[in-house]
Protein chains: 2
Amino acid sequence: MSVVTRIEPEILRRYRRACDYLAGAMIHLKDNFLLTEPLRPEHLKPRPLGHWGTCPGLTLVYAGLNRLVSKTGQRTLLITGPGHGAPAIHANLWLEGTHAEYDPALTLDGHGMAELIKRFSWPGGFPSHLSPEVPGVIHEGGELGYALATAFGAAFDDPRLLVACVVGDGEAETGPTAAAWHSPKFTGPGDGRVLPILHLNGYKIASPTIYEGMSDDELVAYFIGCGWTPLLVDVRGTDDPDTPLAEALTSAHGMTGKRPPMIVLRGTKGLGLPATDPGGTPLEGTFHAHQVPFPDALGDPDELAALERWLRSYRPEELFDADGVPQADLLAVPPAPELRLGRVPQANGGNLRRELPLPEVGKFALAVDRPGDRDASATEVLGGWLAELVRRAPRTFRVFCPDELESNKLGALLEVTRRQFEPEVPGYTEHLGTQGRVTEVLSEHLCQGWLQGYLLTGRHGLFPCYEAFVSIVDSMVNQYAKFLKMSGEVDWRTPVASLNYLLTSDGWRQEHNGYSHQGPGFINQMLTKKATTARVYLPPDANTLLETMHHCLSSTDLINVVVAGKQDGPQWLSPDEARAHCRAGAAIWPWASTSGPADVVLACAGTTPTVETLAATRLLADLAPDLRVRVVNVVDLLTLSPPDRHPHGMSAEAFTECFGEDLPVVFAFHGYPSAVHEVLHGRPGVHRFHVHGYLEEGTTTTPFALLADNRMTRHDLAADAVTRARGWSSTGGDLAGDLRRRRDALLTLSYRDGEDPAEITGWRWAR
Amino acid sequence: MSVVTRIEPEILRRYRRACDYLAGAMIHLKDNFLLTEPLRPEHLKPRPLGHWGTCPGLTLVYAGLNRLVSKTGQRTLLITGPGHGAPAIHANLWLEGTHAEYDPALTLDGHGMAELIKRFSWPGGFPSHLSPEVPGVIHEGGELGYALATAFGAAFDDPRLLVACVVGDGEAETGPTAAAWHSPKFTGPGDGRVLPILHLNGYKIASPTIYEGMSDDELVAYFIGCGWTPLLVDVRGTDDPDTPLAEALTSAHGMTGKRPPMIVLRGTKGLGLPATDPGGTPLEGTFHAHQVPFPDALGDPDELAALERWLRSYRPEELFDADGVPQADLLAVPPAPELRLGRVPQANGGNLRRELPLPEVGKFALAVDRPGDRDASATEVLGGWLAELVRRAPRTFRVFCPDELESNKLGALLEVTRRQFEPEVPGYTEHLGTQGRVTEVLSEHLCQGWLQGYLLTGRHGLFPCYEAFVSIVDSMVNQYAKFLKMSGEVDWRTPVASLNYLLTSDGWRQEHNGYSHQGPGFINQMLTKKATTARVYLPPDANTLLETMHHCLSSTDLINVVVAGKQDGPQWLSPDEARAHCRAGAAIWPWASTSGPADVVLACAGTTPTVETLAATRLLADLAPDLRVRVVNVVDLLTLSPPDRHPHGMSAEAFTECFGEDLPVVFAFHGYPSAVHEVLHGRPGVHRFHVHGYLEEGTTTTPFALLADNRMTRHDLAADAVTRARGWSSTGGDLAGDLRRRRDALLTLSYRDGEDPAEITGWRWAR
């Protein structure tokens, strides 16, 4: 400790001066980078961008971590919650030489400095926030709330890693962050450590923060309550903030035991700015320091002068030589190259990713001799396969789930692993342990954040979720999709495992939990994503689910949404048929179709719509034996898109083969009908697709009544078929009326008995 | 206090026995409700539904609140987070006579009891969760996480109200709940009080909860840290839980000062069940008590016998007479009728709602003599109008916003009111106060939850939000839309004020904050809602924004999404024109169109697309003077829908008047193109609509470059127009090439200079 306090402060102060100068220059300058001339308007960026307020604090932390890493050799990943403090991170990455390594133009001299400063927030250059273009980064920090969960995700199963995570006190107001403080309860001895640093500089954009409104006693109590050992470091007003922070970091690093350390770093917002701007508005230490310090410098000579005074206050001439090369003492601050924060291998997880040892699905697939002649739970079958996967991949595959694993029929996993939960609880439990492949928490935000961190550091995972509640992470998925899209455009980033959702307990069988549990909108959400990012699968039975999940878990850089049933239901395809069907993505089911040309296509996508469609064909076979019906099942929703709009889009020929040129199509769809219309956009003759789906009608009722309320029963589909079918317009109407009357009669029985009549529940489809 | 402890426990115990019996019966029975006969399979519901685990605790709280209300006369609203504990609430509502009041069939006798028990979780009856059908309820509790924020929303500006809020320890794991514990920092002396009761029974569906993993010391520390005075009440193992809870409630009610009380109620999950089921699985006090206690009673004689033993353990014959009328002592437990929890007027807020004293927009509207000849910030103009509204409605209108009010140019509000924030902070602040109409917190979840509670109790509000980040509340909006839809089907519920979003800082002008800040998907999200619920407006300038917001703030039972610009931009319509245009929803702008028949329609919706479209007409006037162009502007997106799909859909005649029969339409849209295709679905000839929109291409760049990356510049629109226009296929190609080359040349300048060239930024449209 004595070494720390006696020798280094001056160098660290100079190091931070250099970083702060560079950060300020990045925000404001496009020329005269070393201030070798008086500052003139033509040296200024026309649109100064960047958030200064958090920068000095970020550099203080970065420098402190540098020292810790140098002393201890601790491999460290930094997650920066305040991603808009990007200038500070860039400055550190440049000074430590990481930038030059990833981009030869960013040399450690005046040329490289000029390039760095000019590129920041410049069209075609670096964005104003952190992003995949930046080495060492797995978290963007543009939308606030997810840094801490991501940090924990990165730490799972990497026991030698330290993940330092800066959480701004603005971000700390968000719900996802508030939940994430409890994450240590879900980590165990096989995991790395997370060191959160609450960067408490008091203000968000225009107001004090919640945490600024808490006393020191409250802060300590809060974090003790969450299970941490809080270390308060108040560097306001000190000339030497490095030493107290170093002491806290060293102390934190040395701690063992159940209450891990976290640091509350109280600092001055925008440290280093003048007390006020030329107009008298307070700057340093207030929210006015949040963004660009001197936004009007280009047109206001007083601001220009103030900007110059401020930048010169860092005395760049003492920090860089005439060629812009940093002085030797500054270059000695970062750790050895392989330990530098920007070079942490975990931040380019694709390089660490190993293919999962996926079991062959054959051993787990169901024998299906005749379509529909046996019942099974698709997710239960999948559970067996996942259990084998967990056996084979005990350190690189995890399941994050909101407390619903068994409810979703994936309980087989718990025969081979445990739910990871650290606290000892006195009461009765099952399948808990301090290590395990399953983490269950009633927070979709945590599941998503943990999984993102886990995937981006080179591992694999699955997020099973009640379909209706996955929308809780809509915005996180938005941001993750953007991260993936940008990563794909960065040549040194290598592919990471896809983010896989298994949406089950779907709306059609949440008739018992009621309306709140019925919501298939996540499919629509995925359809707003780039075609290079999003996939939507609706396997109708166990074997197609196995094939689909095998495919998804082998894929990279995608977001795969798989919607599957958990209730016992009819099985349609043999293992071989399932493989072929999943490869096609959508295909005619000849065994369910009449032979020869068709009068109408009955298309279906999703477990329940497939059952109803097949049942409709039976009704039609009885009531309209002359009607020629073709059944098309769609597993991969995006095969419906034109191939020029989505890479999975089937060819025009294949599309015509399935749906004809001008045949009417009665389409039974799992989700909102609009999703089908959307993927069909650009195909010819879309007006002939008549889509049945969820019409946002629901309550606690019976399965049949829920279908009836949304016009999705077999009777509705059959009625639609006979009225739409080619050549049936004259006779179809009466039949349709009969069918709808039958539906209503059955509905009456459901209401009377509180359960669906045997005609529905006892139904079995067989060839 | 002595009265409480000496006299009442026995009656309260009997009261709770009655409620617990009724709740258990609701889950299992469809007949033999008083167990006057031996229990036989035909007495059982075929599909037993409902969550027992939380019911005894909910009744304990309900009974405790009854007592508090009786003693103090305190008007109390109960928010039940564990909405799946509905049977308990129904039992209490029936016993206190509220049910009979709202529905004459639910009399306080055997007939009413039979009806209540049978209706629960029965098709056409009461849902398995709380819902708008249930008196006293403003919170469903199906999707967990939002009870506490809703409770605070209900308490704002209602200083005589106590809002008791039960938070399950499962729900407490969610981020939104974790954030909401800080809500007292945003309440002031003009607001009612919220008394949270953390119902800590240790388990979620299959595991111990986070809070079960915390020691008493940690629990106390955590809530002290959040600013509460925690009162621990552990009723596990006691015969008399009522007394300690009553003491805590009385003590809480008497507390004043800055650290409000909250109660941690440690209880036994599923209290009253046998220790194990017939198969030996533990029940009482474990997660196995979470849902239906005896799910297989219908087919398993041992379970049937166990169910009968359990139900008989409540000795219903001592609680109800032979006709099912509750004994008199039970009927004496609830407070006087007007104070009963189920009758709290705030839970049917429409009855309390008063129309807002909306200012006329005329005084605030901009004079626009010629379209495009002046610039203004639409939200800044709106800010003036909102400030006047706040002056007129100092107690019934609030603005909840994620720390971006000034950034969104609504700062005028802060000239007439303050940001409500309770803690005293030592540093520099502006516009803070312990009372104010504006609440800013960096949590969209809190803004949404607070606003929902505020609206449902009869008040009005606005939620301004960065467009990209409103998706954080996607799932909350899903649930709120369901609540509104169901409320509309309940005859005694009266309309509440609409939920109004003002989405600004939109993606097209987040070129500085970059890709993470660009996301217009909330529009798509709204399009999945019932046509009776959702509205989407895209006013293109200040006067149309004023008209739109005036309309939205006068409306009821809707979710209105208004997307508007904040940057200075051209103003198109005079106040009178704006009013007429907003009434039409979409209309031809004749002054921007060539006269006579058109070769092509240029349609636009949204601030930036409107500017680019108008600019495109100028390019076309120069480059293709013979091209006949019609400009259509769309303010109300849903006017595009066919009238049989949405009530705002314009008539077929009006649609043809705007878009012709078969004219090509180049549509510049603010959001994802899919949203336009979706609303157009069902209109004839949709293939002729060529939609430009956000293609999910973005970074930190210039406004023009962002448009170019998404093919949305004036040049792209004009190029599309000349290639699509009727009769222009032969000549249009060359022109389009010229236009795209011009775009690329301008783009090069943007990249070179770091700002858009004067040709773009200096552009001005004039008639």
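The values are calculated or read from the model by the stated rules, or taken from the named source; none is laboratory data. Not measured: the values here are computed from a predicted model. Because the Cβ atoms are built from the backbone with ideal geometry, glycine has one as well, and the counts that use them run over all protein chains shown. These area figures cover heavy atoms from the full protein model, side chains too; ligands, DNA and RNA do not enter into them. Shrake-Rupley method; radii C 1.70, N 1.55, O 1.52, S 1.80 Å.
Using a 7 Å projection from Cα along Cα-to-Cβ, the label point at B:Glu657 is separated from the same position in the remaining copies by 5.0 nm, smallest value first.
Between B:Ala332, B:Gly53, A:Leu144, the Cα set farthest toward the positive side of the dipole of the protein assembly as shown (charges on each charged residue's Cβ, about the Cα centre) is that of A:Leu144. Relative to the longest principal axis of the Cα atoms of chain A, the long axis of helix A:575-584 makes an angle of roughly 60 degrees. The amide H of A:Arg493, built 1.01 Å from its N in the peptide plane, has no neighbour under 5 Å, considering only residues 5 or more places off or on other chains.
Once the C-beta distance of A:Asp576 and A:Thr494 is scaled by a Förster radius of 30 Å, the resulting FRET efficiency is 0.30 to the nearest 0.05.
Interface burial in the stretch A:194-209 reaches 30 Å² or more for A:Tyr203, A:Lys204, A:Ile205, A:Ala206, A:Ser207, A:Pro208, comparing the full protein assembly with the chain by itself; accessible area from heavy atoms with a 1.4 Å probe.
Hey, if you put +1 on the Cβ of every Lys and Arg and -1 on every Asp and Glu Cβ in chain B, which of B:Gly175, B:Gly270, B:Thr281 ends up farthest toward the positive end of that dipole? The one lying farthest along the dipole's positive direction is B:Gly175. Ignoring lysines fewer than eight residues from A:Lys45 along the same chain, the ones with Cα atoms less than 18 angstrom from its Cα are A:Lys30, A:Lys118. Distance from a point 7 Å along Cα→Cβ of A:Thr556 to each backbone N in the stretch A:156-192: keep the residues under 18 Å and list them by number. In the stretch A:156-192, the label zone of A:Thr556 (backbone N under 18 Å from the point 7 Å along Cα→Cβ) covers no residue.
Computed about its Cα centre, the charge dipole of the stretch B:375-570 is approximately 760 debye, with only Lys, Arg, Asp and Glu carrying charge at their Cβ. Reducing the stretch A:708-742 and the stretch B:544-610 to their Cα centroids gives an inter-centroid distance of 42 Å.
Might you report the magnitude of the Cβ-based charge dipole of chain B about its Cα centre, with Lys and Arg at +1 and Asp and Glu at -1, to the nearest 20 debye?
Details: 69 positive and 93 negative charges, 237 e Å.
It works out to roughly 1140 debye.
Under the simplified labelling scheme, the B:Thr238-B:Asp753 pair shows an inter-label distance of 7.6 nm, with each label point 7 Å from Cα along Cα→Cβ. Dipole of the protein assembly as shown computed with +1 at Lys/Arg Cβ and -1 at Asp/Glu Cβ about the Cα centre; of B:Gly372, A:Ser729, B:Gly83, farthest Cα towards the positive end is A:Ser729.
Evaluate E = 1/(1 + (r/R0)^6) for A:Ala328 and A:Glu10, where r is the Cβ-Cβ distance and R0 equals 22 Å; express this FRET efficiency to the nearest 0.05.
Values: r = 14 Å, r/R0 = 0.64.
Result of the calculation: an efficiency of 0.95.
With label points set 7 Å from Cα along Cα→Cβ, the inter-copy distances at A:Arg374 are 7.8 nm, sorted shortest first. Take A:167-179, A:714-726 and order them by the average number of nearby Cβ atoms within 10 Å per residue, most first; the result is A:167-179, A:714-726.
Buried on complex formation within the stretch A:141-162 (loss of at least 20 square angstrom of accessible surface versus the isolated chain, 1.4 Å probe, ligands and nucleic acids ignored): A:Gly142, A:Glu143, A:Leu144. Between copies, the label points at A:Asp622 (set 7 angstrom from Cα along Cα-to-Cβ) are spaced 7.2 nm, reported in nanometres from shortest to longest. For B:Lys409, the aspartates and glutamates whose Cα falls under 12 Å of its own Cα, not counting residues fewer than eight places away in the same chain, are B:Glu380, B:Asp568.
Relative contact order for chain B using alpha-carbon pairs under 8 Å, separation at least 6, rounded to a whole percent?
Details: 1673 pairs, mean separation 85.5, N = 767.
After rounding, I find 11 percent.
Rounded to the nearest 10 degrees, the angle from helix B:242-254 to the longest Cα principal axis of chain B is 50 degrees. In terms of the Cα gyration tensor, with a ≥ b ≥ c the square roots of its eigenvalues, is the stretch A:283-361 rounded because a/c is under 1.5, prolate because a/b exceeds b/c, or oblate? Oblate. Per residue of peptide B:631-641, the mean number of Cβ atoms on other chains within 10 Å of the residue Cβ is 0.
Here the spin labels are modelled as points 7 Å beyond Cα on the Cα-Cβ line, and at B:Glu247 and A:Leu695 they lie 5.8 nm apart. For the peptides A:408-421, A:450-463, residues were scored by their other Cβ atoms within 10 Å and the scores averaged per peptide; the highest-first order is A:450-463, A:408-421.
Starting from the Cα coordinates of chain A, work out the convex hull volume and express it per residue in Å³.
Details: hull volume 131.4 nm³, N = 767.
It comes to 171 Å³ per residue, whole-number rounded.
Computed from backbone phi, the HN-Hα couplings of the stretch B:750-756 come to 4, 5, 5, 8, x, 8, 6 Hz, rounded to whole numbers (Karplus: 6.51 cos²θ - 1.76 cosθ + 1.60, θ = phi - 60°; Gly and Pro given as x).
On the accessible surface of chain B, probed at 1.4 Å, how many percent belong to carbon and sulfur atoms? It would help to have the intermediate numbers written out before the result.
Numbers: 11700 of 23170 Å².
Summing carbon and sulfur atoms, their accessible area is 50 percent of the total for chain B.
Working note: Karplus 6.51/-1.76/1.60 with θ = phi - 60° gives the stretch B:274-287 the couplings x, 4, 9, 8, x, x, x, 6, x, 10, 3, x, 10, 5 Hz, where Gly and Pro are set to x.
Computed over protein heavy atoms with a 1.4 Å probe, the accessible surface of the protein assembly as shown works out to 30 Å² per residue. Along Cα→Cβ, 7 Å out, is where each label goes; now give me the distance between the ones at A:His111 and A:Thr532 in nm to one decimal. For A:His111 paired with A:Thr532, the spin-label model returns 3.0 nm.
Which residues in the stretch B:34-73 have a backbone N closer than 14 Å to a point placed 7 Å from the Cα of A:Tyr428 along the Cα-to-Cβ line? The answer is B:53. Database remark: amide H of B:Val194 closer than 5 angstrom to the amide H of B:Val163 (H placed geometrically; neighbours at sequence offset of 5 or more, or on other chains; Pro and chain starts carry no H).
Per-residue shielding of A:580-589, expressed as the average number of other chain Cβ atoms within 10 Å of the residue Cβ, stands at 0.
Taking each residue of B:697-705 in turn, how many C-beta atoms of other protein chains fall within 10 Å of its C-beta, and what is the average?
Numbers: counts 2, 4, 12, 15, 7, 4, 1, 1, 2.
Mean number of neighbouring Cβ atoms from other chains: 5.
Could you give the size of the charge dipole of the protein assembly as shown about its Cα centre, using +1 on the Cβ of each K and R and -1 on the Cβ of each D and E, expressed in debye and rounded to the nearest 20?
In total the dipole reaches around 340 debye.
Please report the equivalent ellipsoid semi-axes of the protein assembly as shown, computed as sqrt(5 x eigenvalue) of the Cα gyration tensor, largest first, in whole Å.
Values: eigenvalues 470, 347, 221 Å².
Equivalent ellipsoid of the protein assembly as shown: 48, 42, 33 Å, largest first.
Helix B:714-724 and the longest principal axis of the Cα set of chain B meet at an angle near 80°. Equivalent ellipsoid of the stretch B:375-570: semi-axes from √(5λ) of the C-alpha gyration tensor, largest first, are 24, 21, 17 Å.
Taking each pair of different alpha-carbon atoms in the stretch B:33-75 once, compute 1/r for the pair, average those values, and report the inverse of that mean as the Kirkwood hydrodynamic radius in Å to one decimal.
Result for the stretch B:33-75, one decimal place: 13.6 Å.
The packing ranking, built from the mean of other Cβ atoms within 10 Å per residue, places the peptides B:9-22, B:207-220 in the order B:9-22, B:207-220, highest first. In plain terms, the C-alpha convex hull of the stretch A:257-314 casts an average shadow of 5.3 nm² when viewed from every direction.
Converting phi to 3J(HN,Hα) with the Karplus coefficients 6.51, -1.76 and 1.60 and the offset θ = phi - 60°, the stretch B:471-477 yields 4, 4, 9, 3, 5, 5, 5 Hz in sequence order, with x at every glycine or proline.
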